[in-house]
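What follows is calculated from the coordinates using simple rules that are stated; it is not laboratory data. Just so it is clear, the model here is predicted, and its values are computed rather than measured. Methodologically, a virtual Cβ is constructed for each residue, glycine included, from the backbone with ideal geometry; neighbour enumeration extends over all protein chains shown.
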Amino acid sequence: MDKWDAMKTFRERFYIPSETVYMDGNSLGLASVDSEESMIRIFNDWKNLGIGGWLEGTPPWFFLAEELGRLMAPFMGARSDEVIMTGSTTMNLHSLVSTFYHPTIERRKIVADELNFPSDIYALRSQLKLKGMNPEEDLVLIPSRDGRTLDEGDIIATFDETVSLVVLPSVLYRSGQLLDMERITKEAHARGILAGFDCAHSAGALPHKLTEWDVDFAFWCGYKYLNGGPGCPAFLYINRKHFDREPGLAGWFGYEKNRQFDMDLEFNHARSAGGWQMGTPSLLSAAPLRASLRIFGQAGMERLRRKSLALTSLLMELVDTFLTEPSYGFSIGTPREPERRGGHVAVEHDEAWRICSALKKRKIIPDFRPPNVIRLAPTALYNTFTDVVDLAEALRDIIDGGEFKAFTLTKDAVS
Ligand SMILES: *Cc1c(COP(=O)(O)O)cnc(C)c1O
């Protein structure tokens with residue numbers, strides 16, 4: 001399969017840590033030669049041009065956030081002015097909820113889910129408090145039936161006339177379940193509810209049709225599948241029909257672009273996603289992200305998704321076939337259907353933490369998500385089918401030899 005893989009040359013452009021099988025591209029994507037060159041170029045522009053880089057840099061810094069939005073938009077099924085590079089995932093959630101959540105006596109609730117990434121829940125609770133609402137009553141957390149996945153029917157059942165806004169993940173960070181964003185949005189709209197999605201675990205992993213599905217807003221980070229580098233800027237999506245809404249958290253970089261330097265005290269936001277910027281973008285961190293998005297452009301999202309599904313299908317098949325007997329004790333927590341899963345696989349085991357430690361000792365990099373998930377993301381740009389087989393053999397050997405027992409139960413600060 002590696003021999004026939006039409007995308008295998010992309011791997012050569014990435015820095016794979018030495019003798020390592022890297023399965024953590026869903027937490028922090030790898031560096032590429034392209035991103036390194038891009039970073040050096042912007043540093044040299046700063047060195048050689050000083051403030052002149054804003055208009056004379058290659059590319060000019062002043063338009064970089066919009067350019068990255070344009071590069072990103074096709075992978076999200078968005079029009080080019082509906083996406084902007086800005087802020088961080090969590091900051092963008094704050095900014096979007098500030099924009100779209102205007103509670104009234106009748107409609108005051110926000111619907112989210114109990115499996116979401118904690119930062120999103122913290123942000124939603126604090127937004128409710130800022131508006132004088134009570135998170136205990138006004139934040140509805142959809143429960144999971146199996147502790148792994150959400151049932152779209154259960155989600156839709158919460159949509160009543162008291163709900164103002166629904167904010168859900170596209171792909172659940174632990175199990176890897178992919179929600180039916182189109183159906184959820186349609187059902188929300190039918191009841192007068194706005195729908196937004198956290199696409200942190202789907203951006204760069206699979207194609208989206210945000211505009212066709214009529215999603216109101218979305219946000220995601222650049223450092224996971226998108227390989228933008230640690231702490232690089234994030235993105236947000238605003239459906240064009242909302243461009244006239246006033247940004248909830250305003251700042252001068254959201255000003256109508258060609259008049260930003262008029263320094264007018266009356267805020268007049270750009271009628272594009274760019275209107276939701278606040279301050280000066282993190283340009284040095286944006287440089288690797290720009291190069292990385294160009295790689296995605298060359299690879300094509302449909303093609304990436306096909307290979308990603310082939311990699312994750314192989315992984316699930318190997319676990320199912322060889323590692324589920326009681327003596328091994330592994331199981332798959334991710335839905336099997338391609339249209340119901342993202343780019344990673346949740347392999348569950350009672351000893352997940354110590355097995356993760358043993359994998360790392362063997363230079364296979366997973367991540368651990370409590371209580372029992374070994375999260376594995378063979379990514380289409382730089383992983384091989386051989387990586388997946390090596391990983392499955394390592395899981396087998398770690399149990400056969402009792403290797404995991406040598407590791408402590410104490411968790412590291414970053415897992
Ligand atoms: C990774 C991730 C975040 C991270 O937020 P940052 O602000 O980038 O630290 C937030 N939400 C979800 C669902 C994530 O997967």
- Query: Residues with beta-carbon under 12 Å from that of HIS189, excluding HIS189: net charge, scoring Lys, Arg +1 and Asp, Glu -1?
  - Reply: 0
- Query: So in segment 39-297, what percent of DSSP beta bridges are antiparallel if you round to the nearest 5?
  - Reply: 40 percent
- Item | Residue-count net charge about ILE105 - beta-carbon cut-off 14 Å; Lys, Arg +1, Asp, Glu -1 | 0
- Query: Would you list MET72, MET7, MET301 from fewest to most Cβ contacts within 10 Å?
  - Reply: MET7, MET301, MET72
- Task: Find me the longest stretch of the chain that has none of the exposed GluC sites (Glu not before Pro), where exposed means in a DSSP loop (not H, G, I, E or B) with at most 12 other Cβ atoms within 10 Å.
- Result: 267-415
- Residue by residue, what Karplus-based ³J(HN,Hα) values in Hz, rounded to whole numbers, does segment 235-245 have, using 6.51, -1.76 and 1.60 with θ = phi - 60° and x for Gly and Pro? 10, 9, 10, 10, 4, 3, 5, 9, 4, 7, 5
- Message: Could you tell me the center-to-center distance, by alpha carbons, between segment 322-369 and segment 223-297 in angstrom?
- Response: 37 Å
- How large is Rg over Rh for segment 145-191, taking Rg from the Cα atoms and Rh as the Kirkwood inverse mean of 1/r across Cα pairs? 0.97
- Any chance you could give the angle, 0 to 90 degrees and rounded to 10, that helix 385-400 forms with the longest Cα principal axis of the chain? 60 degrees
- Taking Lys and Arg as +1 and Asp and Glu as -1, residues besides VAL167 with C-beta under 14 Å from its C-beta add up to -4
- For segment 88-140, the Kirkwood Rh over every pair of distinct alpha carbons, in Å, works out to 11.2 Å
- Item | In order through segment 105-119: 3J(HN,Hα) via Karplus (6.51 cos²θ - 1.76 cosθ + 1.60), integer Hz, x for Gly, Pro | 4, 6, 9, 9, 8, 10, 9, 9, 9, 6, 9, 5, 4, x, 4
- Query: For the chain, treating each Cα as an identical point scatterer without solvent, what Debye log10 I(q)/I(0) comes out at q = 0.09, 0.11, 0.13 1/Å?
  - Reply: -0.57, -0.84, -1.13
- Note on the structure: Quick calc: nm separation of the 7 Å Cα→Cβ label points for GLU337 and ASP350 -> 3.2 nm
- For the pair GLU256 and MET278, how long in nm is the line joining their label points, each one 7 Å along Cα→Cβ? 2.5 nm
- Item | For segment 366-371, Karplus couplings with θ = phi - 60° (6.51, -1.76, 1.60), whole Hz, Gly/Pro x | x, 10, 10, 10, x, x
- Note on the structure: Relative to the compact-globule estimate 2.2 N^0.38 Å (N residues), the Cα gyration radius of segment 126-268 stands at a ratio of 1.19
- Query: Between LEU265 and LYS131, what FRET efficiency follows from the Cβ-Cβ distance if R0 is 25 Å, with the result rounded to 0.05?
  - Reply: 0.45
- Item | Share of alpha-carbon pairs per 5 Å distance bin for segment 192-254, given as whole % | 4, 15, 23, 23, 18, 14, 3, 0
- Kindly provide the helix-only [θ] at 222 nm of the chain, computed as the sum of -39,500 (n - 2.57) over DSSP H runs of four or more divided by all residues, to the nearest 500 deg cm²/dmol? -11000 deg cm²/dmol
- Treating cross-link reach as a plain straight distance, find the lysines whose alpha-carbon is under 23 Å from the alpha-carbon of LYS109, omitting any fewer than eight places away in the same chain. LYS129, LYS131, LYS186, LYS241
- Task: Work out how much length GLN298 to TYR15 would gain on full extension: take 0.36 nm times their residue separation and subtract the Cα-Cα distance, in nm to one decimal.
- Result: 100.1 nm
- 0 to 90° range, to nearest 10: angle between helix 181-190 axis and the chain longest Cα axis: 40 degrees
